[in-house]
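Quick notes on the structure that follows.
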Amino acid sequence: MLIECGVSGFAAWTAHSPAILAFGVDSFVELLSAAVVLLQFAPSFSISEYKAARASAVLLFVLAFTVAAIAVLTLSLRIQPQPSRVGIAISIAALIAMPILAKLKRREARRSNNVALAADAVQSATCAYLALIALTGLSCNEAFHIPWIDSVAALAAVPILIKEGRTAWRGQTCGCC
């Protein structure tokens, strides 16, 4: 996730792409979510499953707000995102890896009855959705030179983030991964 976050952050910066930035920020949020889950097992800093699940949900809501704000600013300031082959490559890699990771986390969450891990699985599934959305926006910009599609793709992610945040808030897994 650190590599995914770093590469997508670089791609977002160089291409001025809100879609790939949303994906990159989600990678960072997913990393924080995994850290919260791990804190459950640290003897010196224990956190309940309930609080860990809620923390994952809050991170998704923060991500939704951030993505919406960046996309709206990009559209209103008429920033022209550039095509990004690096962004396309990292999106494809995440699109392959994240559903597998989400499935493994969800399976382990069911086995151990760990609500926080179930919420973290939602984070991984959301990362896959964002990878698909970012890939769509980036590919359309690359193929058809339509820069605003990048911001529209980022905005398309917001309802998904809010839905998955609500799911995580309740400590449930998504039914889609």
- Looking at 85, 54, which is the one that is of a type in the set (Lys, Arg) and buried (at least 17 other Cβ atoms within 10 Å of the Cβ)? 54
- Query: Looking at segment 111-135, which of the residues that are open to solvent by 40 Å² or more (accessible area, probe 1.4 Å) and in contact with a Leu (Cβ under 9 Å, 6 or more places away or on another chain) is farthest from residue 85 (Cα to Cα)?
  - Reply: 129
- Just one of the numbered conditions (1) over 14 Å from residue 22 (Cβ atoms); (2) modelled with pLDDT under 95; (3) surrounded by fewer than 21 Cβ atoms within 10 Å (Cβ to Cβ); (4) not charged (D, E, K, R) is not true of residue 96; which one? (2)
- Query: Could you list, in sequence order, the residues of segment 132-158 that are of a type in the set (S, T, N, Q) and closer than 14 Å to residue 74 by Cα?
  - Reply: 151
- Note on the structure: Of (1) within 19 Å of the chain's Cα centre (by Cα); (2) of a type outside the set (D, E, K, R); (3) closer than 30 Å to residue 50 by Cβ; (4) open to solvent by less than 10 Å² (accessible area, probe 1.4 Å), residue 138 satisfies every one except (3)
- Which of the residues spanning segment 37-56 are out of contact with any Asp or Glu (no Cβ under 8 Å at 6 or more places or on another chain) and among the β-branched types (Val, Ile, Thr)? 47
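The values are calculated or read from the model by the stated rules, or taken from the named source; none is laboratory data. Quantities reported herein were computed from a predicted structural model and do not represent experimental measurements. Positions of Cβ are backbone-derived with ideal geometry, glycine not excepted, and every protein chain shown enters the neighbour counts. Areas reflect the complete protein model, heavy atoms only, side chains present, ligands, DNA and RNA absent. Shrake-Rupley method; radii C 1.70, N 1.55, O 1.52, S 1.80 Å.
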